[in-house]
Amino acid sequence: MRFGPLLILLIFTVCVAGFAVATATPDPVYRIASGSMAPALLGPHYPLTCEQCQFSTALDAVDLPERVTCPNCGFQENLVDASKVRPGYGLIWEPIEPDQLKRWDIVLLENAEAQTWQVKRVAFLPGETPRIDQGELYRGEQLIRKSPQEREALKQLVFDQSYAPPENPRFRSDQPTGSGWNVRRGSLGFAPIGDTQANNNDWVVYDHHRCLPPPSPVDHAASPLDSYGYNHSVSRELFPIFDLWMEFTCEHWQAQGLTIRLQGNDDRSTIEVDLAQGIVRGISPEQTTELPLSIDSLDGMTVRAGECDGAMFLELHHDRRHWYFPLGNADTQFGSQPFAIKIGDGQAILRHVKIYRDIVWLGRQRRPTPWSFDRELGPDEIFVLGDNVPISDDSRFELGPVDVRKNLRGKVLRVLAD
């Protein structure tokens with residue numbers, strides 16, 4: 001298991017053990033040395049552009065094989081050129097008072113005795129009792145739910161339809177013939193054909209494929225798991241995802257409704273946008289939620305819809321206008337076709353279609369089974385985690401709760417890529 005992310009302090013002339021020399025700069029700059037905060041912060045990494053779908057991403061530079069797998073399309077024969085390995089990201093940071101810390105802040109920590117530095121994310125604050133259960137964080141018995149902005153800051157890309165594999169586009173109509181859907185790379189277009197009943201049953205379905213290194217198969221639909229494309233050399237058990245959502249932008253909108261279906265292994269839910277009646281409706285096996293809608297078109301809207309932190313949601317965004325609709329509790333264990341879309345009474349084009357997931361938090365056993373810290377955090381303690389949960393050594397392990405009086409050095413402000 002890798003330690004980190006250890007940070008290499010760039011100084012003018014002196015090379016200290018655990019630190020490296022780089023170009024002089026008037027302010028201290030730190031460079032990430034491992035991948036425990038990926039993909040937000042990258043250690044030494046290999047920039048991959050898939051030979052098949054042209055999707056660009058980054059892989060851990062440790063133990064690079066001759067060929068690597070694209071996490072978007074699953075192509076397993078991308079040749080590696082080790083000369084292209086890039087150094088870890090540099091960080092700009094500033095000191096921060098402990099009482100100014102917020103949950104999800106990325107902080108710089110120093111262990112003066114061990115002469116090591118780490119960068120982690122604040123997960124729990126003073127006075128809270130850390131608990132992890134089924135991939136979610138709890139303060140005691142209370143589920144921690146992120147705001148829309150926090151959700152976006154922590155999201156993990158699962159699939160980008162703009163780089164769909166040529167031979168397997170992942171989105172397809174569920175009608176064998178007579179569908180109004182036109183699926184192309186980068187867009188899903190719909191124009192009604194036939195009678196009203198046929199159009200009301202015309203869905204475009206997302207088939208999820210697990211894009212894992214050999215010997216895992218990639219040519220069939222399977223339920224989504226908490227895989228990290230960055231961790232190409234890590235062999236571990238993968239776990240189901242409960243927090244998954246879609247994002248797309250509506251263009252040429254001339255329709256009265258939008259329905260998104262969330263499909264689990266044993267149940268399904270729907271999110272309905274009814275422009276004619278001015279209603280957003282969430283329907284799950286447990287409840288139905290209706291909220292008023294004050295717009296009459298989705299043209300130009302970015303739509304985000306799905307589940308996060310045990311709740312179903314719809315979010316609309318256009319320019320500086322933003323609408324958020326909480327649609328009740330949900331706990332879907334998504335199946336191999338987690339999403340389907342239907343356009344009601346009209347036509348539209350959906351572009352920039354992406355699938356995202358939340359971080360699946362794991363306990364001390366590196367599993368999503370229930371785990372809790374054995375006490376409440378003290379008034380000067382925080383509990384930190386790494387975004388790349390499977391490989392991060394953080395407060396779950398030897399690091400333990402962090403004493404902010406002794407170990408907190410600052411808050412990360414921005415990243416210097418390369």
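The values are calculated or read from the model by the stated rules, or taken from the named source; none is laboratory data. On a predicted model such as this, the values are computed, not experimentally measured, just so you know. So basically every Cβ, Gly included, is an ideal-geometry build from the backbone, and we count neighbours across all protein chains shown. Accessible surface areas use protein heavy atoms only, side chains included; no ligands, DNA or RNA. Shrake-Rupley method; radii C 1.70, N 1.55, O 1.52, S 1.80 Å.
List of remarks:
- Karplus-derived HN-Hα couplings along region 292-297 (A = 6.51, B = -1.76, C = 1.60, θ = phi - 60°), whole Hz, x at Gly and Pro: x, 10, 10, 10, 10, 7
- Extended-chain gain in nm, criterion 0.36 nm per residue less alpha-carbon gap, T177 and E141: 7.9 nm
- Solvent-accessible area, 1.4 Å probe, carbon plus sulfur percent, for region 280-403: 44 percent
- In order along region 139-155, the phi-based Karplus estimate (6.51 cos²θ - 1.76 cosθ + 1.60, θ = phi - 60°) of 3J(HN,Hα) comes to 9, x, 9, 9, 5, 8, 10, 7, 6, x, 5, 5, 4, 5, 5, 9, 5 Hz; Gly and Pro are listed as x.
- Across every pair of non-identical alpha carbons in region 332-399, the mean reciprocal distance, once inverted, gives a Kirkwood radius of 16.3 Å.
- Over the chain, accessible surface divided per residue gives 45 Å², non-protein components excluded, 1.4 Å probe.
- All Cα-Cα distances of region 104-222, cut into 5 Å bins from zero to the largest, leave 2, 8, 11, 11, 11, 11, 12, 11, 9, 6, 4, 2, 1, 1, 0 percent in each bin in turn.
- Fully extended contour minus Cα-Cα distance, from N265 to Q100, at 0.36 nm per residue: 55.1 nm
- With a Cα cut-off of under 17 Å and a minimum spacing of 8 residues unless on different chains, the lysine pairs in the chain number 9.
- For W93, the amide hydrogen comes within under 5 Å of the amide hydrogens of L413, counting only partners 5 or more places away or on other chains and with H modelled in the peptide plane.
- Protection proxy ranking of 327-334, 105-112, by the mean of other Cβ atoms within 10 Å over each peptide's residues and highest first, is 327-334, 105-112.
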